[in-house]
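First the structure, in the form of structure tokens, and then the observations on it.
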Amino acid sequence: MNSLQETCIETIRCVGSRLENLDFHNRRMHATRQMLFGAEDFLDLRELIQIPVLLTSHVYKCRVSYRSEIEAIEWEPYTKRQIRSLKVIKDDSINYPFKRKQRNDLDKIYSQRGNYDDVLIVRHGYLTDTYVCNLALSDGDTWLTPAEPLLKGTQREYLLQKGVIQTAHLHIKDLHKFTDIRLFNAMMPWDDAITIPVSQIYL
């Protein structure tokens, strides 16, 4: 299959039968369908997703697979990952601007983590993302997120809009200026994100 025709996904957090951040997921899905598949119509996830009656007490992951049209909507209980350490992996060729179902290049990087819980991907000397999370670094006053992540996640866009985080070009050599790193994504919003000391990042 041509890489441009690979299936893309939106991963949406569902809590108490409520889907979170749908405006941001709608916006990204529309832009992706337009750029990759030439689709001009707007598909509204609010109208397309029917929440099963039984999904009331747990946090669930709703995965929408699509190309020009919706291919599948799947549900599964969400279990938060445990991340206490990060291994820096440098890869100047990695590119992941769209949330694709196939993640072979990212899988290869993740396989290099050794005994650490996750990877911190560095491209051309600058921090980008971990395997499945955007990130922000704290200097004690401000949370800064990489200006050029691998993927502009929906939670990242929400936090930028709210002014919770700010963008910056974060070089690997600047890590010592920060105290903590916070990992977040659509399934781990800011208040439920993983925060670990920068000392747990290993070069």
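The values are calculated or read from the model by the stated rules, or taken from the named source; none is laboratory data. Please read all numbers here as calculations on a predicted model, not as lab measurements. In this analysis, Cβ positions are derived from the backbone assuming ideal geometry, glycine residues included, and neighbour counts consider all displayed protein chains. The protein model used for the area step is the full one, side chains on, heavy atoms only, and it has no ligands, DNA or RNA in it. Shrake-Rupley method; radii C 1.70, N 1.55, O 1.52, S 1.80 Å.
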Ranked order, I172, I70 - accessible area, probe 1.4 Å, largest first: I70, I172
Degrees between helix 22-37 axis and first principal axis of the chain (Cα, 0 to 90, nearest 10): 80
Solvent-accessible area of L203 with every protein chain in place, 1.4 Å probe, in Å² to the nearest 10: 140
HN-Hα J in Hz across the range 95-106 - Karplus 6.51, -1.76, 1.60, θ = phi - 60°, x for Gly and Pro: 8, 8, x, 10, 7, 8, 5, 7, 10, 4, 5, 5
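Which order do V15, V198, V53 take by accessible area at a 1.4 Å probe, largest first? If you can, show how the numbers build up before the last one.
Values: V15 50, V198 20, V53 130 Å².
Listed by decreasing accessible area, they come as V53, V15, V198.
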Distance from the range 57-113 to the range 130-203 (C-alpha centre basis), Å: 17
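Which percent of the accessible heavy-atom area of the range 12-159 goes to carbon and sulfur, probe 1.4 angstrom? Walk me through the numbers before you get to the answer.
Numbers: 3360 of 7560 Å².
Heavy-atom surface of the range 12-159 belonging to carbon and sulfur, 1.4 Å probe: 44 percent.
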Options I109, L127, A39, ranked by Cα towards positive dipole end of the range 1-141, top entry (Cβ charges): I109
Built amide H within the under 5 Å cut-off of Y202, gap 5+: L86, K87, V88
Rel. contact order, % - alpha carbon contacts under 8 angstrom, at least six apart, the range 76-203: 26
Linear extension gain, T167 paired with L54, 0.36 nm per residue minus alpha-carbon span: 36.7 nm
5 angstrom amide H check on T167, placed H, neighbours 5+ away: T145
Amide hydrogen neighbours beyond the local backbone of N185, cut-off 5 Å, H modeled: none
Fraction of antiparallel bridges per DSSP, the chain only, in percent to nearest 5: 75
Cα-Cα P(r), the chain, percent of pairs per 5 Å interval: 1, 7, 15, 19, 19, 16, 12, 7, 3, 0
Candidates L86, L36, L120: whichever shows maximal mean-square fluctuation once the chain is modelled as a Gaussian network with Cα springs under 10 Å: L36
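Using a Förster distance of 25 Å, how high is the FRET efficiency between Q82 and V198, based on the Cβ-Cβ distance and rounded to 0.05?
On the way: r = 18 Å, r/R0 = 0.74.
FRET efficiency, Q82 to V198: 0.85.
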Solvent-accessible surface (1.4 angstrom probe) belonging to S57, in square angstrom, nearest 10: 120
Karplus-derived 3J(HN,Hα), 6.51/-1.76/1.60, for each residue of the range 167-172, Hz, glycine and proline x: 8, 7, 7, 9, 7, 4
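Is the range 8-105 rounded, prolate or oblate when judged by the Cα gyration tensor, a ≥ b ≥ c being the square roots of its eigenvalues, rounded requiring a/c under 1.5 and prolate requiring a/b larger than b/c?
On the way: a/c = 2.41, a/b = 1.09, b/c = 2.20.
Oblate shape, in that a/c is at least 1.5 and b/c is the bigger or equal ratio.
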